[in-house]
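These notes concern the structure reproduced below.
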Amino acid sequence: MARSISYREAINEALAQEMERDSRVVVFGEDNVGGTGAPGDIDAWGGVLGVTKGLYGKFPGRVMDTPISESAFIGAAIGAATGGLRPVAELMFIDFMGVCFDQIFNQAAKFRYMFGGNAVTPVVIRTMWGAGLRAAAQHSQSLLSVFTHIPGLKVAAPSNPYDAKGLLIASIRDDDPVIFAEHKMLYDTTGEVPEESYSIPFGEANVARDGGDVTIVAIGRMVNTALEAAAELAGSGVEAEVIDPRTTSPLDLDTILESVENTGRLVVVDESNPRCSLASDISASVAQEAFGALLAPIQLVTGPHTPVPFADSLEDLFIPDVPKIVGAVKTAVDWSK
Amino acid sequence: MTERIQKVTMPKWGLSMKTGKVIEWFVAEGDTIAKGDDLADIETEKIAGTLESPQEGLLRRIVADTGVELPVGATLALVAPAEVSDEEIESVVAEARAQLESGELGGEDEPAVRTAEVDGRSISYVTLGADSGDDGGEPVVLVHGFGGDKNSWLFVQQPLSESHTVHALDLPGHGQSGKDVGDGSLDTLAGTVLGFLDAVGAARAHLVGHSLGGAVVAAAAARAPDRVASLTLLAPAGYGKEADVEYLRGFAAASSRRELKPLLGRLFADESQVTRQLVDDLLKYKRLDGVAEALAALVETLLDGDRQAIDTPALLAGVSVPVTVVWGSADRILPVPDGVTLHRVDAGHMLHMEAAGEVLRQLSL
Amino acid sequence: MTGTLRNPVSQELGPDQLLEAYRMMRTIRDFEERVHEEFAGGDIPGFVHLYAGEEASAAGVCLHLDDRDAIASTHRGHGHCIAKGVDVLGMMAEIYGKSTGSCKGKGGSMHIADLSKGMLGANGIVGGGPPLICGRALASKQLGTGGVAVAFFGDGASNQGTTLESLNLATVWNLPAIFVAENNGYAEATSSTWSVATDDIADRAAAFGMPGVIVDGFDFFAVHEAAGEAVARAREGGGPTLIEVKFTRYFGHFEGDQQLYRGDEVAQARDKLDCLKRFRARVTESGQLTTDQLDTIDAEVAALIDRSVAEAKAAPKPAAAELLTDVYVSY
């Protein structure tokens, strides 16, 4: 039964359904319950933006708060995963990766390889990313490319409620370490989501819109922005194909290549900083694999090489918008003339 | 005089359709049209189809421009005898415009999707025409095929509901029904249909089945002929041994758009019927927990190696329920069998979608 | 809550257990001495960090553990591996980077692991182990296995944020965890008396709400008794303990380290404090074991080590295709 729920509710539902199905799934992070040890209400917060609200009541003993010590509790999630649990730990903001990155990239990501195939680490680390909340430089980054770079990790970045539920269920069922990245500006967006459990495979992009003139690959919140740009472009007779990779590791390069073979033009929209970004990664792969099909240079629409500013006027300039995407498409389309 | 002006309106194709667009008109003002003539191609979010004329007469005015999104029920054209004055036509056109602007259209509620518990499984269904008195208390039950659901009857259920109570159900493993199919055998599925009749309080019903659904309703009739007023089998499974095995096994196994899309073209005579929405809806269905297992079990019911495993004529031998068989002459999934009395229609395997009008005319209820 | 054990007792240990303890320590000693020799010969790639001198710590703790229990180790992990039951032949082959190694030659000395034995691996990151151990302890608690988790870490790691966070978390979550700070006096080339702010690492226990104890790391029985108390406490749901083991390492931080920063404490320790010598003396003087029994073990261990080196040298390197395998369960 599909009904319309929010991205936040879709994530909450995925957690609840998986916890119901598999008693080994445990959920913890800072304020994931909210109120532990305090005299007032327990489950007062249910996560800083309410994503885990209500889970404590349904699964007491399996949903826990943690002290603010990421290395310890992210590391604990990883260790627990090797010991028979399927933990879903929350790294509240992706910007906090600095205080626990070793546990993620040197331990979890490498166990299987270093131990010659004799380790299974089914841990999910949920984390919030992205700009737009006026949360300033240390709470607004898009550091997905850093995790994508590390062999041994998988990275999912859903752009809508349907994908959020299906990918989180897939992440929890996955036996490899997964970084599940939730864009903070998408929590209130709504969409049709089946009540039943379902799982979306990793490495399968979603073609959000068909079109024959240009391929736009967009990530996370930028998928919606790209769709708005595509609607505008249709008005001037340019039909854009919008591809949402959904997972950046593994990446469904085949779908992107197939599209570029057909359109001959690629625009990649990624709100992160430009150097060593997902945009540059995708662009390089496509340039190598589909060079012959390209009618124009690949256009990258990204944030600038700066931290995310606080002032709303500046943050709005930082984030790629519809005019920037339309402009990039026009550059590509006009190139062949 | 305005009673003689008949409106051609935006049809409701499917439970969730809210709006549609006329893509192309095939008739012009001044044409005389007969019932069943193709009037226009209409496209909705989910499907594209051809609007057939529900009446005969002189087409006086085309009200809807092509490419404009209009709500279900909006006036598309006016049919009226030549004697009706232009002023009266204009006033109805003005009325239609006002109605559109008022936003009163398209607000009707979707019919409620209900659930029945049958043999410990939850069966999702939609009933239209529940107030129909003239079906003699014998409703019609529509049973879809392998990998389908109750929405595939979108061009059939509404028109039929004008004269009958029509239930369209989701078989176990499909749509919004529970995904557990047990052993996935014909017997289990037939039992579910009979159980469904109990659940909706129907002593007897007309059963219409497509593809696997055709074999299911035949099996139900064989088991309990006294419950079945008539059988209409649309491209049913179990006639002959040939089948597009690659399609059936491929559909069950496909887990990505790339794997699924090429297969779906085989379902239709007109491959443009495979819209993005169709592919997306099927992918979403296939990702639901339990579907892969259900389809795998059902494939083993349908096939024995690379031949059909079911023998529907054998099931029906000696069963004295009236049977009508209809087949699309361009069916690539289950080819038209020899030596069977059947009506051909101009369509592929999904005849109830591609040639709904013709199929409706063949139903002898 | 901190203290030093005096006159530790060994009456709980029967002859079989004493033999097992001796075999464990002897195996570690001979393994490390042999690796020291072989490394000098140039056949062993990369880095090795040897545990010789510290055997009583690994043995004293691990004798209380079984396959339910997990341990995390350090870059100086061979001793912990052997004490936890990791196969010696596989270990030596791993150190040589051969396909028959515990990790198919893909991990090396610093990453030898055997998860089936609860050995979470030697770890190349100082302080990498304690958080993982909090996780294993959490899993044991959630799954009701009765298992405990032990983090072995050095004086260097005792200053690492991950260790301090883990001590805190283990108490806050009341985890069945044991933290064993192996204080061999040096974090690489820097003395712990300088780098650790307090006199004893065990002082940190109180700061994190858990019992702390200091033991003489050259005395197997002292370690064994303190560990026994900590393991019992953990299994009974009494939460974590910090044990500081004080001793010295015989070899350098890594093989090749000239140890110019040290005095003559190694020679002194080998002569007067050595845990194997002390163990042997004690169990033979008390009549619990005979010299013959111990000599037999010496011979068996020597043969095992010889065999492990011979087999490791003869084994093939991993096939080229192994470069790309074992990154994911599925991708």
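Compute, for chain C, the length of the dipole vector about the Cα centre, with Cβ point charges of +1 (Lys, Arg) and -1 (Asp, Glu) only. Units Debye, rounded to 20. Could the numbers behind the result be given before it?
Working: 29 positive and 45 negative charges, 129 e Å.
Computed charge dipole of chain C: roughly 620 debye.
Given the convex hull over the Cα atoms of chain B, what projected area results after averaging over all orientations, in nm²?
Values: hull surface 72.8 nm².
Over every viewing direction, the Cα hull of chain B projects on average to 18.2 nm².
For the pairs B:K261/B:K284; A:K110/C:K104; B:K46/B:K150; A:K165/B:K179; C:K117/C:K246; A:K324/B:K284, flag any whose C-alpha to C-alpha distance is greater than 23 Å. Could the numbers behind the result be given before it?
Values: B:K261/B:K284 13 Å; A:K110/C:K104 14 Å; B:K46/B:K150 14 Å; A:K165/B:K179 19 Å; C:K117/C:K246 27 Å; A:K324/B:K284 32 Å.
Distance filter (> 23 Å) returns C:K117/C:K246; A:K324/B:K284.
When the helix-only estimate is applied to chain A (DSSP H runs of n ≥ 4, each -39,500 (n - 2.57), divided by the residue count), what is the mean residue ellipticity at 222 nm, nearest 500 deg cm²/dmol? Walk me through the numbers before you get to the answer.
Details: 11 runs with 114 residues, N = 337.
Estimated from H runs of four or more residues: -10000 deg cm²/dmol.
Using unit Cβ charges (K, R positive; D, E negative) and no other charged atoms, how large, in debye to the nearest 20, is the dipole of the protein assembly as shown about its Cα centre?
On the way: 84 positive and 146 negative charges, 465 e Å.
Computed about the Cα centre, the dipole is about 2240 debye.
Give me the dipole magnitude in Debye, nearest 20, for region C:201-331 about the Cα centre, with unit charges on the beta carbon: positive for Lys and Arg, negative for Asp and Glu.
200 debye
Using every Cα-Cα pair within region C:3-324, state what percent have a distance larger than 35 Å. Don't skip to the end; give the middle numbers.
Working: 8123 of 51681 pairs.
In whole percent, the long-distance tail amounts to 16.
Which one of C:A315, C:G107, C:P131 is farthest out on the positive end of the charge dipole of chain C, using unit charges on Cβ (Lys, Arg +1; Asp, Glu -1) and the Cα centre as origin?
C:P131
How long are the semi-axes of the equivalent ellipsoid of chain A, taking √(5λ) for every eigenvalue λ of the Cα gyration tensor, in whole Å from largest down? Present the calculation step by step, with values, prior to reporting the outcome.
Values: eigenvalues 240, 88, 72 Å².
Taking √(5λ) for each Cα gyration eigenvalue gives 35, 21, 19 Å.
Order of B:L263, A:L85, A:L317 from fewest to most other C-beta atoms within 10 Å? It would help to have the intermediate numbers written out before the result.
On the way: B:L263 20, A:L85 27, A:L317 14.
Going from sparsest to densest Cβ surroundings: A:L317, B:L263, A:L85.
Would you calculate the volume per residue, in Å³, of the smallest convex hull containing every Cα atom of region A:4-192? Walk me through the intermediate numbers first.
Details: hull volume 21.0 nm³, N = 189.
Cα-based convex hull of region A:4-192, divided per residue, equals 111 Å³.
In degrees between 0 and 90, to the nearest 10, how far off the longest principal axis of chain A does helix A:253-263 point, with axes built from Cα atoms?
20 degrees
Over the Cα atoms of the protein assembly as shown, what is the Rg over Rh ratio if Rh follows Kirkwood? Working shown, then result.
Working: Rg = 36.2 Å, Rh = 33.3 Å.
Result: Rg/Rh = 1.09.
Using the alpha-carbon atoms, what tilt in degrees (0 to 90, nearest 10) does helix A:161-173 show relative to the longest principal axis of chain A?
Roughly 50 degrees between the two axes.
Tell me, what ³J(HN,Hα) does each residue in region B:351-360 have, in order and in whole Hz, if you take phi through Karplus 6.51 cos²θ - 1.76 cosθ + 1.60 with θ = phi - 60° and put x for Gly and Pro?
Result, ordered by residue: 4, 6, 9, 7, 9, 4, x, 5, 4, 4 Hz.
What distance in nm lies between label points placed 7 Å from Cα along the C-beta direction at B:S16 and A:D210?
Taking the two extended label points, one gets 1.8 nm.
Let's test this: bin the Cα-Cα distances of region B:240-359 at 10 Å from zero up to the farthest pair and state each bin's percent.
12, 36, 38, 13, 1
In region A:150-301, with Lys and Arg counted as +1 and Asp and Glu as -1 at Cβ, which of these residues, A:T190, A:L257, A:A156, has the Cα nearest the positive end of the dipole, that is, farthest along it?
Ranked along the dipole, the leading option is A:A156.
Would you work out the Kirkwood radius for region B:123-239? I mean one over the mean of 1/r across all pairs of different Cα atoms, in Å. It would help to have the intermediate numbers written out before the result.
Values: mean 1/r = 0.0728 Å⁻¹.
For region B:123-239, inverting the mean 1/r across all distinct Cα pairs yields 13.7 Å.
Rounding to the nearest 10 and keeping the result within 0 to 90°, find how far the Cα-based axis of helix A:70-82 lies from the longest principal axis of chain A.
On a 0 to 90 degree scale, this one is about 80.
Once Rh is set to the Kirkwood radius over Cα pairs, what Stokes-Einstein translational diffusion coefficient, in µm²/s, holds for region A:206-335 at a temperature of 20 °C and a viscosity of 1.002 mPa s? Could you put the intermediate results ahead of the total?
Values: Rh = 14.5 Å.
The estimated diffusion coefficient comes to 148 µm²/s.
Top mean-square fluctuation among A:G292, A:G327, A:G34, Gaussian network model of chain A, C-alpha springs under 10 Å?
A:G292
What longest range of chain A stays clear of loop-exposed GluC sites (Glu not before Pro) (DSSP non-H/G/I/E/B, at most 15 other C-beta within 10 angstrom)?
On the way: sites that count: A:E195, A:E239.
Segment A:1-194 is the longest.
Under the definition of Cα pairs under 8 Å and six or more residues apart, what whole-number percent is the relative contact order of chain C? Don't jump to the answer; show the numbers that get you there.
Values: 671 pairs, mean separation 79.0, N = 331.
Rounded, it is 24 percent for chain C.
Restricting to the protein assembly as shown, compute how many DSSP beta bridges are antiparallel as a %, nearest 5.
Working: 47 of 124 bridges.
Restricted to the protein assembly as shown, the bridges split so that about 40 percent are antiparallel.
Between B:E117 and C:T296, with labels modelled 7 Å along Cα→Cβ, what's the label distance in nm to one decimal, could you check?
Computed distance between label sites B:E117 and C:T296 equals 7.0 nm.
Between region A:149-208 and region B:180-214, how far is it from one alpha carbon centroid to the other, in angstrom?
37 Å
Among B:I310, B:G36, B:L100, whose Cα sits farthest toward the positive end of the charge dipole of chain B (+1 at Cβ of Lys/Arg, -1 at Cβ of Asp/Glu, about the Cα centre)?
Checking the options against the dipole of chain B, the answer is B:I310.
Just so you know, all these numbers are worked out from the coordinates, no wet-lab data involved. Note that the structure is a prediction, hence the values are computed from the model and not measured. Neighbour counts run over all protein chains shown; Cβ positions are idealised from the backbone, glycine included.
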